[in-house]
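Here the structure is laid out as structure tokens; the discussion comes afterwards.
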Amino acid sequence: MLAATRGEVIQIRRAADLAPEATPERAALEGRGVQSILCMALSSGERTVGYLIFETVHQERSWPPETIMPLRLMGEIFVSALRRKRVEENLAESQ
């Protein structure tokens, strides 16, 4: 449904407005009461390693830049911690 690429932020203010080809996803979101979605791709180098996704259920919402910036920073910290953990595990295995 959401295909954010490196550095991209996707906001969907109204889940009900998803494209017709996203009918199954829209139905799943509506079934959970999701109104709005914010999706950020988490990248390590040139590779996307995951997504940070926020959903609102009580009301439609837009996320302003001053809210997105700290969320993006949180995602970068998370990816950095995962990268460090992977390096530690690889080092332990090689010893």
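Just to check your reading of the model, which residue among 60, 46 is modelled with pLDDT of 90 or more and in contact with a Lys or Arg (Cβ under 9 Å, 6 or more places away or on another chain)?
After ruling out the rest, the residue left standing is 60.
Across the stretch 41-95, the number of residues qualifying as open to solvent by 90 Å² or more (accessible area, probe 1.4 Å), part of a strand (DSSP E or B) and farther than 27 Å from residue 16 by Cβ comes to 1. Taken together, the residues in the stretch 34-80 that are among the basic types (Lys, Arg) and without any contact (Cβ under 8 Å) to a residue 12 or more places away in the chain amount to 1.
For the stretch 11-33, filtered to residues that are open to solvent by 70 Å² or more (accessible area, probe 1.4 Å) and touching a residue at least 24 places away in the same chain (Cβ under 8 Å), the residue that is farthest from residue 61 (Cα to Cα) is 32. Among residues that are touching a strand residue (DSSP E or B) at 6+ places or on another chain (Cβ under 8 Å), at pLDDT below 90, open to solvent by 90 Å² or more (accessible area, probe 1.4 Å) and closer than 30 Å to residue 86 by Cβ, residue 6 is included.
The values are calculated or read from the model by the stated rules, or taken from the named source; none is laboratory data. Everything numeric in this text was worked out from a predicted model, so none of it was measured. Counting neighbours? That spans all protein chains shown, and the Cβs are built from the backbone with ideal geometry, glycine included. Accessible surface is based on the protein model in full, side chains and every heavy atom, while ligands, DNA and RNA are left aside. Shrake-Rupley method; radii C 1.70, N 1.55, O 1.52, S 1.80 Å.
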